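Scroll down for the structure; my scribbles are underneath it.
Read-outs throughout are calculated quantities, based only on the coordinates presented, and are distinct from any laboratory measurement. Keep in mind that this is a model prediction, so the values were computed, not measured. Glycine gets a Cβ as well: all are built from the backbone with ideal geometry, and neighbour counts include every protein chain shown.
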Amino acid sequence: MKKYLVSLLAVVVIALTGCKETPAINAPGDNSKNLDSIPVMIADTNGIEISVDSAIAICNMLPDNGTTAEVYKLTGMVVGNTTHPYEVPYTRRDINISLSDNNAVTSLACYYIKNINNISFRKSEEVPLTGSKVVVCGVLTKYVSGSGKVTPELKNGFIVRVDSMVTPSFKGCPEPKEGEISVNKAIEISQTIADTKTSGTTYSIRGVVVTADMPSASDLLNNGKYTFSITSDGKKYATCYQLKGKGDMPFTDYNQLQIGDTVLVKAPIQNYHGICEPRDGYVAESSNPNF
């Protein structure tokens, strides 16, 4: 009996000394551990490796709205962010980007893309901005809209690897002057408004432009309006929808509004499905010398 107890005690001691705390690692597709850490990369990902231009060619050969059975893996440069980082994780957990073979002449729309390990994006700084080089995998499709427009797409995939990362840069915003409010205050106001409803008050909102959706030449000529996002703290944002320029007059040139400009927006506020939207107003002031 004594021998048995001694042996059992030895086993327990060995087990306890061998159970040192080790870092938890996310398995592919698992988001339960290390929630504040960058996901561990999958060492190897299945997928047919081709160029972005080759992927576009494959998409164009598919029947309308057809999808490949195979998964493809593409290496390229991000040349556009349809999903802005400030939407993560507030309203989005996957992203939409445009990918190119480092030439930006032709690009592939990548929709519903998750982060490394095929898990949701958890932080805005994880979203690769324009200029980042990434490897993305997913299925290819030839999307045809109701109007007949054809868009080659890679969808329902995830980022395999990030080769170089361009992250959001925010250098600060001046404090609102008397009679002005910050973007964060505008967001608070929007949350008191019923969904898709607009305030009856026009607010003066001080912020910094963090993304600008460049209108086409025809749009600029027809209505001279911009849709862009502003922030006060680099963390939360408001989407300014269809705003005119100085003096409530149409914008006439692309360089009148650029990322990094400090602006004063005068507009009513809408709660658009949880997003703060100053809309149908104008940019009253800007630090942009071309404004």
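An ellipsoid equivalent to region 48-164, defined through the eigenvalues of its Cα gyration tensor, has semi-axes of 22, 15, 13 Å when rounded to whole angstrom and sorted largest first.
By the count of other C-beta atoms within 10 Å, a proxy for reagent exposure, C110, C240, C137 are ordered fewest to most as C137, C110, C240.
Pairs exceeding 19 Å between alpha-carbon atoms, taken from K155/K225; K197/K266; K114/K185: K155/K225; K114/K185. As a calculated quantity, the FRET efficiency between A194 and T67 at R0 = 25 Å, using C-beta atoms, amounts to about 0.05.
Residues whose amide H comes within less than 5 Å of that of G281, counting only those at least five positions distant or on another chain, are K244 (H built at 1.01 Å from N in the peptide plane). Placing dummy labels 7 Å off each Cα toward the beta-carbon, the span from V150 to T202 is 4.6 nm.
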